[in-house]
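Peer 1: Please read through the structure below; I'll follow up with questions.
Each reported figure results from applying straightforward, stated rules to the coordinates on display, with no laboratory input. Predicted, not measured: the structure shown is a model, and the values here were computed from it. Cβ coordinates were reconstructed from backbone atoms using ideal geometry, including for glycine residues, and neighbour counts include every protein chain displayed.
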Amino acid sequence: MTLLPQTKDFLSYLQKNPGMRSRIAAPPNTTLLYAGIFIKPMWQELEQLKHTNRDVASKHLLPDVLARIQTPSQTYPTLLAWAKALDGYMPWKENGFIAWRALSGIFAANAVGTVSFCIGSNVAKGEKVFSATELPVLLRNPNVDALTKDILSYYQRCIQTGDTAINFGFVGG
């Protein structure tokens, strides 16, 4: 793995700042995770739905949370700006992907109650942050409710059998 110094700095910052990590969270029952493509990339679908669907509008996406977390004395003003900057480095899978996995893992570990998600097609096990990180973290998270875990267990079985042609969503009320 070829982590660039910028990625190492980011991961080190997260590790050394437990207070910062605890802020990478949504209020109880409002975490919304996403991956893949339905008609267009799922994050774009959700951005549109936030304007027309009250249930989706009440949920918190990781980028929304990261945009509110200031990073004083750092090059980038927010955790979102810092993570997006890492997206431009190559190899992406060993820099941007790793940064998003770290952030997403923290977000999933901090989830409480019902967790909502919208998953498009082709979310293979090691290729998307949801399947590589968020799914296993949520299944281990003792603060996530039983209904969410039941639904996630089904999705995990689909991934394990290679059935990635699933468009799947759950928005908890």
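Peer 1: Taking the Cα centre as origin and putting +1 on Lys and Arg beta-carbons and -1 on Asp and Glu beta-carbons, what dipole magnitude results for region 27-90, to the nearest 20 debye?
Peer 2: Here region 27-90 has a charge dipole of around 80 debye.
Peer 1: Still on this model: Suppose every K and R has +1 on its Cβ and every D and E has -1 on its Cβ; what is the size of the dipole of the chain about the Cα centre, in Debye to the nearest 20?
Peer 2: Computed about the Cα centre, the dipole is about 280 debye.
Peer 1: Distance between the C-alpha centers of region 69-120 and region 7-51? Whole Å please.
Peer 2: A separation of 6 Å, based on Cα centres.
Peer 1: Could you work out how much longer the chain between Val171 and Met90 gets when fully extended? Use 0.36 nm per residue separation minus the Cα distance between them, nm to one decimal.
Peer 2: Contour length minus the Cα-Cα distance gives 25.7 nm.
Peer 1: Can I ask one more? Given the DSSP H assignment, sum -39500 (n - 2.57) over each helix run of at least 4 residues in the chain and divide by its residue total; what's the result at 222 nm in deg cm²/dmol, nearest 500?
Peer 2: -13000 deg cm²/dmol
Peer 1: Could you calculate the FRET efficiency of Asn122 with Ala146 from 1/(1 + (r/R0)^6), where r is the beta carbon distance between them and R0 is 35 Å, rounded to 0.05?
Peer 2: 0.80
Peer 1: Arrange the peptides 155-168, 105-118 so that the one whose residues have, on average, the most other Cβ atoms within 10 Å appears first.
Peer 2: 105-118, 155-168
Peer 1: For the chain, with the dipole built from +1 on Lys and Arg beta-carbon atoms and -1 on Asp and Glu ones, taken about the Cα centre, which of Ala108, Met20, Ile37 lies farthest toward the positive end?
Peer 2: Working it through, the farthest residue towards the positive pole turns out to be Met20.
Peer 1: Would you mind calculating the gained length between Leu11 and Asp64 on full extension (0.36 nm times residue separation, minus the Cα-Cα distance), in nm to one decimal?
Peer 2: Here the segment from Leu11 to Asp64 would lengthen by 17.1 nm.
Peer 1: Amide H of Val144 versus every other amide H placed in the peptide plane: which residues, excluding those fewer than 5 positions away on the same chain, fall under 5 Å?
Peer 2: Residues meeting the criterion, in which the H sits 1.01 Å from N, are Gly113.
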